[in-house]
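A.B. asks: Sending over a structure as structure tokens; questions will come in a sec.
Since every read-out is calculated from the coordinates, none of them should be taken as a lab result. Quick caveat: nothing in here was measured; it's all calculated off a predicted structure. Positions of Cβ are backbone-derived with ideal geometry, glycine not excepted, and every protein chain shown enters the neighbour counts.
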């Protein structure tokens, strides 16, 4: 059975991110969703740009780029009618912006409502079986784990095999291969779960220390928040710190420079302009010739003297 097509809308309400930048980011997101994510997570999605929130069609899931965000507003949300949306800070660096938008898009498509769990053995030896929140980018979210699409940074993401009970040779645990075993957490990243015994939320979090640490987030007390909203509020500060490291630390990013890409794009555009001009010239010449041959003297009846 074919997957239902999800419609994601990308909108910027920030003057710092004009439509030209939105279009570039969107092209990278659409290619990632179609080429990389669809076959691994069985999702089908379109990603479309809109200049204003008022232009977004009903039923679309928006990713909104905004200047006015804080730790509680950035990240995933559910709207008043329960539909998913995401808010992203309008960073001036296009690669950081693309990375964060990719993160939000991937997690929105894999778990639209921020409440999908999978059971497994807890990383904390003091706990037993727990429910892991499916957040496909979080354990490999840092900039150094990202890769490039259309020469823009996008987020790595784990595969369903990430929750396998044991490591198996030849199995892919994340798209880039940065994660190489089940439930691995890379530096600058985290894994979240809920302990059904205590109803508390926990994270395995790797920041400045030599190894990941266990963090007790306590119980989710606000019933209006989805589990992912609760986790995002607790994690946004250190997430954005590792997003902001940008392309310079990305191990799997393309080595093509922006100047080189611009040169290629300009050459391509010039070729298209020349082609269009040549076609228009041929078309005009054809039309002029057709008009000239179609204008004939009106036959006249022979005159008699």
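A.B. asks: Along its principal axes, what span do the Cα atoms of segment 5-256 show, with the longest given first and each in whole Å?
C.D. replies: Extents along the principal axes, in whole Å: 51, 43, 34.
A.B. asks: Ranking 239, 192 by Cβ neighbours within 10 Å, fewest first, what do you get?
C.D. replies: With the fewest neighbours first, 239, 192 line up as 239, 192.
A.B. asks: Let me ask something else. Per 0.36 nm of contour for each residue apart, how much would the distance between residue 126 and residue 42 grow if the chain were fully extended, relative to their Cα-Cα spacing?
C.D. replies: Once the chain is fully extended between residue 126 and residue 42, it gains 26.7 nm.
A.B. asks: Given the Cα-Cα distance of residue 270 and residue 181 and 0.36 nm per residue of separation, how much length would full extension add, in nm?
C.D. replies: Full extension from residue 270 to residue 181 adds 27.3 nm.
A.B. asks: When the gyration tensor of segment 115-163 is built from Cα positions, what are the square roots of 5 times its three eigenvalues, in whole Å, from largest to smallest?
C.D. replies: For segment 115-163, the ellipsoid semi-axes come out as 28, 11, 8 Å.
A.B. asks: Counting other beta carbons within 10 Å of each residue's own, what order do 94, 179 fall into, fewest first?
C.D. replies: 94, 179
A.B. asks: Now, a different point. Express in whole angstrom the spacing between the alpha-carbon centres of segment 215-231 and segment 176-190.
C.D. replies: 23 Å
A.B. asks: Take every DSSP beta bridge with both residues inside segment 5-256 and express the antiparallel ones as a percent of the total, to the nearest 5.
C.D. replies: 60 percent
A.B. asks: Additional query: Which of 54, 104 has the fewest other C-beta atoms within 10 Å, and how do the rest follow up to the most?
C.D. replies: Least to most surrounded, the residues fall as 54, 104.
A.B. asks: With a 10 Å radius around each residue's Cβ, average the other Cβ atoms per peptide and rank 150-159, 120-129, highest first.
C.D. replies: Ranked from most to least packed, the peptides come out as 150-159, 120-129.
A.B. asks: Would you kindly state how much longer the chain becomes between residue 222 and residue 53 on full extension, computed as 0.36 nm times their sequence separation minus their alpha carbon distance, in nm to one decimal?
C.D. replies: Here the answer is 58.0 nm.
A.B. asks: Rank-order 164-177, 220-233 by packing density, defined as the average count of other C-beta atoms within 10 Å over each peptide's residues, highest first.
C.D. replies: Answer by packing, highest mean first, reads 220-233, 164-177.
A.B. asks: State the volume of the convex hull built on the alpha-carbon positions of segment 89-207, expressed per residue in Å³ and rounded to an integer.
C.D. replies: That works out to 115 Å³ per residue.
A.B. asks: Additional query: Treating segment 21-126 as a set of equal point scatterers at the Cα positions, no solvent, please give the Debye-formula log₁₀ I(q)/I(0) at q = 0.13, 0.17, 0.21, 0.22 Å⁻¹.
C.D. replies: These q points yield log10 I(q)/I(0) values of -0.53, -0.86, -1.24, -1.33.
A.B. asks: Any idea how far apart residue 83 and residue 281 come out in nm if each label point goes 7 Å out from Cα toward Cβ?
C.D. replies: 5.0 nm
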